[in-house]
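Okay, structure first, notes after.
No value in this document is a laboratory result; all are computed from the given coordinates. Since this is a predicted model, take the numbers as computed values, not measurements. Positions of Cβ are generated from backbone atoms using ideal geometry, with glycine treated the same way; all protein chains shown enter the neighbour counts.
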Amino acid sequence: MSILLDSSTRVIVQGITGREGGFHTEQMQSLGTNVVGGTSPGKGGTKHLGVPVFNTVADAVRATGADATGIFVPAPFAADAIMEAAAAGITLIVCITEGIPIQDMIRVKDFLRGYPQARLVGANCPGLITPGQAKIGIIPQRITRPGAVGLVSRSGTLTYEVASALSAAGMGQSTIVGIGGDPVLGLTFRDVVELFEKDPATTHLVLIGEIGGSDEEHAAELLAKGSRLKAVAFISGRTAPEGKRMGHAGAIISGNRGTARSKEEAFRKAGVQVAETTDDIVGMLS
Amino acid sequence: MKLLEYQAKEVLASLGIAIPPGVVARNPDEAASAFARLGPVAVKAQVPVGGRGKAGGIKLARSEDEARRAAEQIIGMDIKGFKVPLVYCETALEIEREIYLGFTVDRDARANILMLSAKGGMDIEQVAEESPQSIARLYPNPWRGPLDFELAQLVYDAQLAGLLRPLVALIKKLHRAIPELDALTAEINPLAVTKNGDVIAGDAKLEIDDNAMWRHRDLEEKYGGVLEGDPYEVEAKKRNLTYVSLDGDIGIIGNGAGLCMGTLDLVQRAGGRPANFCDIGGGAKAEVVENALAVILMNPRVKGVLINVFGGITRGDEVAKGVVTARNNLNMKLPLVVRMSGTREEEGREILKQNGIEPGVSGWEAAKKIVELSSPLVGKPGSTGRDGAR
């Protein structure tokens, strides 16, 4: 069992003929991901990496019945690619692209309200992987192994760090979800924790947060209501200096939330153990 | 990109918002001639941070001499790490009341938020804490912007019914900064109501999304580069790096903000003090690594460098080649620990070894290693870390 993604998920790659898109499609295929096609405007009708290429997502969905997509297109086109996927009926949209303007993402979030069945992961994220079954994105499968730990993280590289350590200690993962570090993103910590909570194959939970925003606090509020998962949280950036702030608007809406201290306290209050470094996580989980 | 007050006001004026007459002065003579043109002026430090008033960065000048002296005192002053490059001399307003008008991105709501309050001025954050209901809020639709009736509701909610028409017109103009300029923050505080009932921008804060600068090259050309901030940060910006100076002596390069922050935490825990935060992002290309290393080595305090790269989209072999080339090109002699894993990590480690760089095992081990290797050098003067200048 897993959340969001397994070996039966029918995946396309938007930007499959690009350098990164192509490289990571091969990686996804080598894990056994059911990649059924890709898109690249103007290259419809060709084949790439053994799968058909389409001009648009709607064409790809009609021909392949795809239900998930990985987006590897450049930032200026990424917001449109996300909306295109939702409008075509894709239910799991994973956007790896970094550097998308925030206003583009705010419009995307508003657009997605019209497609409640579509779940967006990212953007600016490493994607997700259900070890031994499938992945969408760029998480290296070598560092993962199948198991019962649900891992959700805002940071790409710290996710790999922790996944490696868990795997080395024999603690496999049910699904790893990198939700991304942008201020305006798709699935939140809370959304992913809810999914893990409902997945019988997940018994343990690791949350890797960072300073800024209050998504970690919201996940902690949910966990405080009672959870069957044994959970450990880690927050990076506790020694980061405070940003040089300008204007009052940010402070008016966020108050004191968003600091490493506020997040760690929220987790402790919810009965979640808080790790000092990523190296401590494995010990605290077992 | 954070604009300075005079830049933000120029932009607001281009949107049709009223601003007080003002002139930029780069030296005391220019401030004196500004007085000659405008009469009594506020001489205001131009820095992209709040709190300049409390730091002595705003002075009222009632004579040419006072204007000259104020500029002398303020230009070159350090305000929260920023050296004041110039002052803005602005006609002092006869203010009847101060309103707060701000727009920003509400991360929690994943939406833009417009805020209006009758209690504007310096204490607005205190107002927000003590009586949040006195700040009226509106989440405008990001596709079509705010509608008239929504803005009217906002103004009534803020108890500013008497200013309904001028405020609705003004908020519409300010809102244009969001879709047209990719503003992340656009704030007018105070929004001054003068004795004649005019509504004028007393101060202005404007921040443009760095991710959207490709849509706003004109703003970057016009306003970028005025500010002399931290020299390493300035250089890093020229090289398109995400870099923040800190006050320690161990240079840090990482890929991804989370890992980079985590690496700072580890070095601190190992007893070291990071000299910087430098995130080289996803595809850590050879050129990017070299740029990062070059900026870090500019800082004479740096006694060692830790590179922590965990690859997803980043390929280990490319990172290793980049590190070796960068070290050779920069003729770097300081201790260097490279901790690397991820896609093609074995190839990467092999390349490092072949070139005499010891790859670190875990982040924690690497942090301890660099603290140990660089500690005998800490405090020794005269080492620049590299031979010759580039």
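In degrees, nearest 10, range 0 to 90: what is the angle between the Cα axis of helix B:316-330 and the longest Cα principal axis of chain B? On a 0 to 90 degree scale, this one is about 90. What does the C-alpha gyration tensor say about the overall shape of segment B:37-123? Classify as rounded when a/c is under 1.5, otherwise prolate if a/b is larger than b/c, or oblate. Oblate shape, in that a/c is at least 1.5 and b/c is the bigger or equal ratio.
Counting Cβ atoms of other protein chains within 10 Å of each Cβ in A:160-168 and taking the mean gives 3.
In order along segment A:47-53, the phi-based Karplus estimate (6.51 cos²θ - 1.76 cosθ + 1.60, θ = phi - 60°) of 3J(HN,Hα) comes to 10, 9, 6, x, 10, x, 9 Hz; Gly and Pro are listed as x.
Kirkwood radius for segment A:11-122, taken over all pairs of different Cα atoms as the inverse mean of 1/r, rounds to 13.7 Å.
The aspartates and glutamates within cross-link reach of A:Lys225, meaning a Cα-to-Cα straight distance under 14 Å and a gap of 8 or more places when in the same chain, are A:Glu194, A:Glu197, A:Glu217. Relative contact order, whole percent, for segment A:11-122 stands at 23, derived from Cα pairs under 8 Å and 6 or more residues apart. This ranking places B:Val244, A:Val108 by how few other beta-carbon atoms lie within 10 Å of each, fewest first, which gives B:Val244, A:Val108. Segment A:158-177 and segment B:14-93 have Cα centres separated by 56 Å. Partner shielding of A:103-111 amounts to 6, given as the average count of beta-carbon atoms from other chains within 10 Å of each residue beta-carbon. If you run the Gaussian network model on chain A, springs between alpha carbon atoms under 10 Å, then out of A:Ser262, A:Ser174, A:Ser153 the most flexible one is A:Ser262. Seen from A:Ala68, the other residues with C-beta closer than 12 Å to its C-beta sum to a net charge of +1, counting Lys and Arg as +1 and Asp and Glu as -1.
Computed extension gain for B:Met77 through B:Val234, at 0.36 nm per residue and net of the alpha carbon distance, reaches 54.7 nm. Of all DSSP-defined beta bridges confined to segment A:11-122, some 10% are antiparallel rather than parallel. What is the distance in Å between the Cα centres of segment A:123-148 and segment A:180-242? With segment A:123-148 and segment A:180-242 each reduced to a Cα centre, they are spaced 18 Å.
In sequence order, segment B:165-178 has phi-based couplings of 5, x, 5, 4, 5, 5, 5, 4, 5, 4, 4, 4, 4, 6 Hz under the Karplus curve 6.51 cos²θ - 1.76 cosθ + 1.60, θ = phi - 60°, and Gly or Pro positions carry x. Within the straight-line cut-off of under 16 Å between alpha carbons, the lysines reachable from B:Lys205 are A:Lys244, B:Lys2, B:Lys9, B:Lys44, B:Lys173, sequence neighbours fewer than 8 places apart in one chain being disregarded. The local environment of A:Met284, defined by Cβ-Cβ distances under 14 Å, has a net charge of -2 under the rule Lys, Arg +1 and Asp, Glu -1.
Applying 0.36 nm per residue to the separation of B:Ser33 and B:Val361 and subtracting their alpha-carbon distance, the gain on full extension is 111.7 nm.
The coefficient of translational diffusion for segment A:127-285, derived via Stokes-Einstein from the alpha carbon Kirkwood radius under 20 °C and 1.002 mPa s, stands at 136 µm²/s. DSSP bridge analysis restricted to the protein assembly as shown gives an antiparallel fraction near 55%, rounded to the nearest 5. Spin-label model, B:Ala161 to A:Glu194: label points 7 Å out along the Cα-to-beta-carbon direction sit 4.1 nm apart.
For B:Lys54 and B:Asp198, a Förster radius of 30 Å and the Cβ-Cβ distance give a FRET efficiency of 0.60, rounded to the nearest 0.05. Between A:Ala66, A:Ala78, A:Ala169, the Gaussian network model of chain A with springs among Cα atoms under 10 angstrom shows the greatest mean-square fluctuation at A:Ala169.
Taking segment B:231-377 as the region of interest, the number of lysine pairs whose Cα atoms are within less than 15 Å, with members eight or more places apart or on different chains, is 5.
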